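Notes to accompany the following structure.
The values are calculated or read from the model by the stated rules, or taken from the named source; none is laboratory data. Everything numeric in this text was worked out from a predicted model, so none of it was measured. Note: ideal-geometry Cβ built from the backbone for every residue, glycine included; neighbour counts use all protein chains shown. To get the accessible areas, we keep the full protein, side chains included, count just its heavy atoms, and leave off ligands, DNA and RNA. Shrake-Rupley method; radii C 1.70, N 1.55, O 1.52, S 1.80 Å.
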Amino acid sequence: MPNAFAFLMLAAWPLVTWGLFRALGPARGTVATILSGYLLLPPAPAGIDLPLLPPLTKDTIPSLCALFFAGLALGRSGLRRLLPAHPAARALLGLGLTVPALTVATNGDPVIWGQVVLPGLQPREALSAGLALVIGLAPYLLGRALLASERDQRDLLLALLLGALGYSLPMLLEVRLSPQLNIWIYGYFQHLFEQMMRGDGFRPIVFLYHGLWAAFLALTGVLAACALARAESAPRRRLALLAAAAWMMLVLVLCKSLASLLYALVFAPLLLLAGGRMQIRLAALLACLALAYPAARGAHLLPDEAVVSAIARLAPERAHSLAFRFGNEDVLLARAEERPLFGWGLWGRHHVYDPDTGRPLTITDGRWIVVLGMFGWAGFLSEFGLLALPLLLAWRRLGAGPPPPLAGAMALMLAVNLVDLIPNATLTPLTMLLAGALLGWAERAPVQAVAARPSGAPPRPAPAFRTVL
């Protein structure tokens, strides 16, 4: 169980946020509040439960605090400036806000698996789920309103790099001594310890949810360093950033996560060598593939058996794990098809259970299958649509001229995270902050029709970005 210090840290975060906003201002204060809360606060199950409200945890408290202090800074126009300007973003946001109520309205019946009885949903669940959704979207809206300029993009990537570099030291400590920091400081271990064991060593986890999250943080550090190095003109600073990328790559190798390592080997060279236009085009393509994956799996269009057989020739253990994952997805998809529009709701109603023992027979790994089972296709389109929309808008705006130096890099980093939501559930407040910042730039970038220019004429230069505050 979490100790008293864990709850003290959660309760004290509003004061920390106040200090960060006073010292750094609204834009940088938002980044610092959400990033430091994600890295330092105790993970679930530590949280503060209040009636009719979602649990106040390391995910929700920093977002709420940042939203409150940023709202004070924005003043009376705060709400208008937080809401997306693009009609597609507003439509997806409106859909997401109505889905919890519709899910509850269509799930008033209990779910019975032999001796296992899961209760029907009540109106209070709609309120709690709706508030959780608003809090989860707070970093997205704040990123859009406060982090749309070139300077803000650089600040965000630099903060992600510095956070990853600082976290690399406790991560290396846990690689050497085994994951112990959350036990030593907060009094409990947040996951299954055996899952932190890989080969003859350990995966670090520190104060995150799983070793996969720690590996993805190291990957974020690698990609942020490569992006900043590509945009840096001073030779010494570029060399220092490349050294930081190499250091985080070493940490990533020690995290023992194959997927994150493959992402780094593929996308780090693209950030260093490819142009911004190519990066945005590739990011938009990856977004389309991530959106199409659930439909392709449901229609049995993917060669599952061929993929498993090909991997079995190289790594039999990986092939067994992948086959198990595909089997779970098939069962969960069949379950989701019973209530495809708004899903099964909370309390694990979207799982399949053994009617004799009551033990769940399914495991949800990818974020997409979690959302699809709980909130149906409406919930999936809302959440994944809001994440993919900045990438599609950035691609649409390529005709207006070359993107800023870091916009393509941010798009590619967001696309990598979106793709990783297929096998894993690595959706964090940092993901939403990055997506919101990219949406803010894409909304404000000028749209110039290519057909309106004379043949062969160069595009008109984009106007200078305006800072939000």
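Values for this structure:
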item	result
Accessible solvent surface per residue of the chain, calculated while the other protein chains remain in place, 1.4 angstrom probe, Å²	45 Å²
Nearest-20 debye value, the chain charge dipole, Cβ charges on Lys, Arg, Asp, Glu	1980 debye
Ellipticity estimate at 222 nm from DSSP helix runs (n ≥ 4, -39,500 (n - 2.57)) divided over the chain, nearest 500	-22000 deg cm²/dmol
More than 15 angstrom apart: percent of Cα pairs within segment 123-230	72 percent
Share of carbon and sulfur in the accessible heavy-atom surface of the chain [1.4 Å probe, %]	68 percent
Cα coordinate range in segment 88-161, projected on the principal axes (Å, largest first)	57, 28, 18
Compactness relative to 2.2 N^0.38 Å, alpha carbon Rg of segment 175-272	1.21
Compactness index (Cα Rg / 2.2 N^0.38 Å), segment 35-74	1.25
At q = 0.09, 0.17, 0.22 Å⁻¹, base-10 log of I(q)/I(0) for segment 200-343 (Debye sum, equal scatterers on each alpha carbon)	-0.41, -1.15, -1.29
Fraction of alpha-carbon pairs over 29 Å apart in the chain - percent	51 percent
